[in-house]
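One structure follows; several queries about it will come next.
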Amino acid sequence: MLNSLPLSVIDYAGPLFFAALFVVVMSQVKEPARRTLNAIFAAGATGVYLSGGFGPWELLYPAIATPIVYLGLRSYRLIGLAWLMHACWDILHHFWGNPIWPFMPTSSFGCLIFDSFIAIWFLSGAPTILALGKNSRRLAVDGFAGISSPGRTGL
């Protein structure tokens, strides 16, 4: 059965907001715990749709994704691939299966948005977001017009 529920702005904005929040918080976790923790999260996501409307076919996604997530213990890009795979499973559930949250019919669509956004972050190597801004500001201040800070020599 094709699910053609209308989507509202919040169906897009909510998942994007929480995905951005996830990225900012997770980017503060130190290595190697960041990669390990996120591989565990991706592994947990493989089973969230069990009993989600496709019967025995629900076992297909965990069987395919589990080896990829295991290899993700050493690779952010494979964690990103696992989240993209989960986003594909979200599409199937949004249109033909049961939503991830039974009380919210568009929740699988929201999961698709969230998973796709964080997958992009993982595929880019899961950089530390706030530290990038701090380094940029420090570079701008320390390197501004060759003026040296107190206690430093000029360039």
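Out of all the residues in region 17-63, which are at pLDDT 90 or above, assigned to a loop (DSSP other than H, G, I, E, B) and of a type in the set (G, A, S)?
S27
Filtering region 1-16 down to residues that are assigned to a helix (DSSP H, G or I) and either under 12 Å from the mean Cα position of the chain (by Cα) or of a type in the set (A, V, I, L, M) (or both), which residue is farthest from P67 (Cα to Cα)?
First, pick out the residues of region 1-16 that are assigned to a helix (DSSP H, G or I): 9-16.
When the remaining residues are screened for being either under 12 Å from the mean Cα position of the chain (by Cα) or of a type in the set (A, V, I, L, M) (or both), the result is 9-10, 13, 15-16.
Values: V9: 36, I10: 34, A13: 32, P15: 27, L16: 28 Å.
For region 1-16, the residue satisfying everything is V9.
Assuming L21 fulfils every condition listed in (1) more than 13 Å from the chain's Cα centre (by Cα); (2) closer than 18 Å to L123 by Cα; (3) loosely packed, with under 11 Cβ neighbours inside 10 Å apart from one, which condition is it?
(1)
Identify all residues within region 93-110 that are in a helix (DSSP H, G or I), touching a residue at least 12 places away in the same chain (Cβ under 8 Å) and either surrounded by 17 or more Cβ atoms within 10 Å (Cβ to Cβ) or within 14 Å of the chain's Cα centre (by Cα) (or both); write none if there are none.
Once the filter is applied, which keeps residues that are in a helix (DSSP H, G or I), touching a residue at least 12 places away in the same chain (Cβ under 8 Å) and either surrounded by 17 or more Cβ atoms within 10 Å (Cβ to Cβ) or within 14 Å of the chain's Cα centre (by Cα) (or both), region 93-110 yields H93, H94, S108, F109, G110.
For region 105-118, check the following and say yes or no: at least one residue is more than 30 Å from Q28 (Cα to Cα) and out of contact with any Ser or Thr (no Cβ under 7 Å at 6 or more places or on another chain).
Taking region 105-118 first, the residues more than 30 Å from Q28 (Cα to Cα) are 105-106.
Applying the additional criterion that residues be out of contact with any Ser or Thr (no Cβ under 7 Å at 6 or more places or on another chain) yields 105-106.
Yes, the conditions are met somewhere in region 105-118.
Of everything in region 1-18, what is of a type in the set (G, A, S) and either surrounded by 15 or more Cβ atoms within 10 Å (Cβ to Cβ) or touching a Gly at 6+ places or on another chain (Cβ under 6 Å) (or both)? Give them in sequence order. Write out each step before concluding.
Within region 1-18, the subset of a type in the set (G, A, S) is 4, 8, 13-14.
Within region 1-18, G14 is the sole residue that qualifies.
Quick one: which residue in Y12, Y49 is touching a residue at least 24 places away in the same chain (Cβ under 8 Å) and either among the charged types (D, E, K, R) or closer than 13 Å to H86 by Cβ (or both)?
Details: Y12 fails: either among the charged types (D, E, K, R) or closer than 13 Å to H86 by Cβ (or both).
Only one candidate passes the filter, namely Y49.
Mind telling me which of the residues L59, L37, L73 ends up being without any contact (Cβ under 8 Å) to a residue 12 or more places away in the chain, farther than 26 Å from T106 by Cα, surrounded by 11 or more Cβ atoms within 10 Å (Cβ to Cβ) and of a type outside the set (D, E)?
Values: L59 fails: farther than 26 Å from T106 by Cα; L73 fails: without any contact (Cβ under 8 Å) to a residue 12 or more places away in the chain.
Of the residues listed, the single one that is without any contact (Cβ under 8 Å) to a residue 12 or more places away in the chain, farther than 26 Å from T106 by Cα, surrounded by 11 or more Cβ atoms within 10 Å (Cβ to Cβ) and of a type outside the set (D, E) is L37.
What is the one condition in (1) over 30 Å from P6 (Cβ atoms); (2) crowded, with 19+ Cβ neighbours inside 10 Å; (3) in contact (Cβ under 8 Å) with a residue 24 or more places away in the chain; (4) small (G, A, S) that A65 does not satisfy?
With (1) over 30 Å from P6 (Cβ atoms); (2) crowded, with 19+ Cβ neighbours inside 10 Å; (3) in contact (Cβ under 8 Å) with a residue 24 or more places away in the chain; (4) small (G, A, S) applied to A65, the lone miss is (3).
If you don't mind, there's one more thing I want to ask. Run down A63, A119 and say which single residue is within 15 Å of the chain's Cα centre (by Cα) and small (G, A, S).
Working: A63 fails: within 15 Å of the chain's Cα centre (by Cα).
A119 is the lone residue from the list that is within 15 Å of the chain's Cα centre (by Cα) and small (G, A, S).
The values are calculated or read from the model by the stated rules, or taken from the named source; none is laboratory data. These figures come from a predicted structure and were not determined experimentally. Using ideal geometry, Cβ is built from the backbone for each residue, glycine included, and neighbour counts are taken over all protein chains shown.
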